[in-house]
Amino acid sequence: MEIWLKGSKRIQLPVLPSAYRVSSSQNNTTVNIISLGDVTLKGKRGLQEISFSSFFPSNYDPSYCSTTALKSPKAYVSQIEKLKRRGTIKLIITGTSINFRCTIESFEWGEEDGSGDIKYTLTFKEYRRPSASSSDVVEF
């Protein structure tokens with residue numbers, strides 16, 4: 001498995017997270033109908049969100065690094081911050097069905113133990129381009 005962020009530049013995350021979480025919703029509405037009670041009106045699907053935590057290592061270690069082309073932890077932070085500000089990116093987690101355009105909703109990072117490694121948590125939200133269907137205009 002590999003995790004890639006593709007925008008103006010491509011970033012392969014150097015250490016795979018131990019887990020990732022995907023959440024999705026359905027925009028249903030519950031209404032109360034007299035003499036029937038509550039019913040659900042089925043809505044359209046919501047946007048998927050994906051989050052995971054890992055770290056950017058300060059030194060290469062083949063036991064956990066997924067790439068030999070290692071950058072400094074601060075370089076990864078800088079690149080992800082730039083991608084976040086630019087707008088949409090493509091998130092790809094190979095070996096899964098996750099391969100779609102999204103936005104970086106949050107990027108929390110910091111150094112904890114003096115090793116030079118930077119631990120982080122990333123949260124992505126699926127991006128769907130707004131589209132309106134055309135309608136026929138009837139003139140009177």
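The numbers here are math on the coordinates, done by the rules we state, and not lab data. In this text, all values refer to a predicted model and were calculated from it rather than measured experimentally. Ideal geometry is used to build each Cβ from the backbone, glycine not excepted, and the neighbour counts take in all protein chains shown.
Restricting the search to the range 69-101, which residues are surrounded by fewer than 13 Cβ atoms within 10 Å (Cβ to Cβ) and touching a Leu at 6+ places or on another chain (Cβ under 8 Å)? The one that is surrounded by fewer than 13 Cβ atoms within 10 Å (Cβ to Cβ) and touching a Leu at 6+ places or on another chain (Cβ under 8 Å): N99.
Of all residues in the range 102-126, those satisfying the criterion of being surrounded by fewer than 16 Cβ atoms within 10 Å (Cβ to Cβ), without any contact (Cβ under 8 Å) to a residue 60 or more places away in the chain and part of a strand (DSSP E or B) are E105, S106, F107, E108, G110. Looking for something polar (S, T, N, Q) and not in a loop (DSSP other than H, G, I, E, B) - is there at least one such residue anywhere in the range 66-76? So far as the range 66-76 goes, no, none of its residues is polar (S, T, N, Q) and not in a loop (DSSP other than H, G, I, E, B). Scanning the range 1-37 for residues that are assigned to a strand (DSSP E or B) and either loosely packed, with under 10 Cβ neighbours inside 10 Å or without any contact (Cβ under 8 Å) to a residue 12 or more places away in the chain (or both) returns R10, T29, T30, V31, N32, I33, G37.
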